[in-house]
Structure formats: structure tokens, C-alpha cells
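Below you'll find the structure, written out as C-alpha cells, and then a few comments.
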Amino acid sequence: MATIIDGKALAARMRERAAADVASLAERGISCGLAVVLVGDDQASATYVRSKLRDCEQCGIRSFDCKLPADTPQDELMALIAELNADPEVTGILVQMPLPAHLDTEAVVLAVDPEKDVDGFHPLNMGRLVRDLPGLRPCTPAGIMEMLDAYGIDPAGKNAVIVGRSSIVGKPMSLMLLSRNATISVAHSHTDPRELARICQSADILVAACGVPKMIKGPWVKPGATVIDVGMDRDEEGRLCGDVDFASAEAVAGAITPVPGGVGPMTRAMLMTNVVMAARLQHGL
Ligand code: NAP
């Protein structure tokens, strides 16, 4: 039976660490503040935002809850971001995605001050990642790296397969594992489906981030491999599940993340860590 990687417990420890860091920055007169911008009334996004605001409260981070109506024009959203960029009380800015279709997401990502970009989506921060320079990293893959480290899983020299190549998960994940000296394969929707199982079977570290419920089955997993399930999907009965068929994969894997209780809580906790890092950056620390 595989070791179950307990993202919930690790995330709680990360939040404690973030709270201690926030307190020690406060002693030096530096406050941490996160602005969360939500455009529209998408229920899932509103739930994510509420949990982020709760995490801030727990860590002693001041939060700025910026809600805008669904029909907000681009220039109003850009004006709000400019205001937040200029506000010294706001050390981190997160624009909840996805934005309503009429808004230009790329322009919004570009508008956020890279030093306040706690999502790590700005091209400058992405570029720093590509060049192996320190900087703000996207929360989901950064949280996964924390998990691997906490469980003593060293990527160096291992074969890592990432299923999915999105800008927020798959691509930055592959770069982070590459910079820790793993050998990387990235699969996507154009990967020959007949080859996908074989590619996954080569993985010592298999990261599933494709958004297809339970696509990765036990026989696709190399015995003893580490399986990281990023997926947050719904099964046929409408229950939350991952991209990995947990029951069959757990029987083969060496270590595996559950859904829920794996990657999700680490993503949230990493956001708090990034808010602290952003505040430090802005004060030259
Ligand atoms: P996304 O933007 O939809 O990207 C999905 C990726 O998977 C794309 O690169 C796509 O390929 C690839 N893909 C789709 N079907 C495939 C298939 N049959 N075989 C191989 N590759 C396939 O999704 P995302 O934002 O990266 O999120 C992925 C999953 O993680 C979702 O379930 C999402 O809800 C979840 N998620 C969870 C967290 C968390 O904190 N737990 C955070 C973010 C996302 P193409 O590029 O060719 O289209």
C-alpha cells in the first residue's frame, strides 16, 4: 500500500510558518496585505475567494476583498489593479480566474506589479522560473515541490511525467522538476492516447494535471512511483475526484496524494507563503 501524502497536515504547518513570518515582519514594521479581486458571481470562484480570505485571517495577513460586478469593463478592472499596485498596504494581488469572457485575461496578468504577483503568473516571474532565478512561483506546482521535499522524494535523476501543460500547473511544474534535475516528459491532449499509458509507466514521479476524472489508472503507474494528483474533477455521481483513479493507483504507487486533502490545501497554503515572500521582496529582504 502506498504512503498517503497528507497535504492537509503539511498545509497546516505551512500556514503556521507563514503566520510566524508575518509576525516577525510586523515587528520590523512591515505589514503583509493580500488583495483578492473577484469579477462576477461565479459560485466556485466565490468559494475559493472566501477560503483564501479565511487563510489570510489565520496567518495574520490583512486582506482586501475587491468584488466587481460581472459586466465590469476592462478599463475599470485595470484602474483597480493600478490602484492596488500603488497601495503600500497591499503587498500581494490575486485576480481570481477565470475572468468573464469579455475581459482580456493576458492584459490583466501583465498589469499586476510583478513584485505583488502572488500567483506567479506574470511573464516576468515565469521568465525567472525559466531562467532558474528566485522569484514568485505559481502556487500549485510550488506546493507540490514542498510536498515532495517534505516526504523526502528527491526528483534528481528521476523520470518525471506531467500530464497537462497549462500555464498555471503543467508547464511551471515541468520547469520546477527540471530545475531539480529530473528528466521530464510532458503529455497533453495531442499525445497519442495509445502511447499515454506507456509514457506514464516510465514515471518515477507522475503528476496528473489534465482535468479528466480518474483518467490515470493503476496499470499506468510504475510500481513504487510517486503519484501527484492535481485534478479537481467530478465523477459520474457528482463527487469530487482527481485525475487519478485513486483505488487502483494506490495499490501500485509508493506514495500518492488523495483528492481531497492533497494538492488543493498545499496550493492554498503556498499562496500565504507567496504573500510573505512578496512583502519581503518589496522591502528588499
Ligand atoms: P487546463 O488548463 O484545462 O489544462 C489541462 C491540460 O491537460 C491541457 O494541457 C490539456 O492539453 C491536457 N489534457 C486534457 N485532456 C487530456 C488527455 N485526454 N490526455 C492528455 N492530456 C490532456 O487545466 P489546469 O488548470 O491545468 O487544471 C488541471 C486540473 O487540475 C483540473 O482538474 C483543475 O481543476 C485542477 N487544478 C487543481 C488545483 C489544485 O489546487 N488542486 C489547481 C489548479 C488546477 P492541451 O494543452 O493540448 O489542451
Requested in this report: Please tell me if residue 112 is touching a His at 6+ places or on another chain (Cβ under 8 Å) and either under 17 Å from residue 122 (Cα atoms) or not hydrophobic (A, V, I, L, M, F, W, C) (or both).
Outcome: yes
Report summary line: The condition from (1) open to solvent by less than 20 Å² (accessible area, probe 1.4 Å); (2) away from the ligand (no atom under 14 Å from the Cβ) that residue 222 misses is numbered (1)
Report task. Go through region 3-22 and count every residue that is out of contact with any Gly (no Cβ under 6 Å at 6 or more places or on another chain) and either open to solvent by 10 Å² or more (accessible area, probe 1.4 Å) or at positive phi (or both). Result -> 12
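Residues checked against (1) within 30 Å of residue 116 (Cβ to Cβ); (2) open to solvent by 50 Å² or more (accessible area, probe 1.4 Å):
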| site | (1), (2) |
| --- | --- |
| 226 | no, no |
| 229 | no, no |
| 237 | no, yes |
| 240 | no, yes |
| 246 | no, yes |
| 267 | yes, no |
| 272 | yes, no |
| 278 | yes, no |
Query raised in the report: Of all residues in region 164-184 being part of a helix (DSSP H, G or I) and open to solvent by 60 Å² or more (accessible area, probe 1.4 Å), which is farthest from the ligand (Cβ to nearest atom)?
Result: 178
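Residues are listed down the side, and each one gets a yes or a no for (1) loosely packed, with under 15 Cβ neighbours inside 10 Å; (2) touching a strand residue (DSSP E or B) at 6+ places or on another chain (Cβ under 8 Å); (3) assigned to a helix (DSSP H, G or I):
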| position | (1), (2), (3) |
| --- | --- |
| 129 | no, no, yes |
| 140 | no, no, yes |
| 156 | yes, no, no |
| 162 | no, yes, no |
| 186 | no, yes, no |
| 189 | yes, no, no |
| 195 | yes, no, yes |
| 210 | no, yes, no |
Report task. Looking at (1) in contact (Cβ under 8 Å) with a residue 40 or more places away in the chain; (2) of a type outside the set (A, V, I, L, M); (3) more than 11 Å from the ligand (Cβ to nearest atom), find the lone condition where residue 239 falls short. Result -> (1)
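The values are calculated or read from the model by the stated rules, or taken from the named source; none is laboratory data. Just so it is clear, the structure is predicted and the values come from calculations on it, not from any experiment. Note that each Cβ is placed from the backbone with ideal geometry, even for glycine, and that neighbours are counted across all protein chains shown. Note: areas computed on protein heavy atoms with side chains; ligands, DNA, RNA excluded. Shrake-Rupley method; radii C 1.70, N 1.55, O 1.52, S 1.80 Å.
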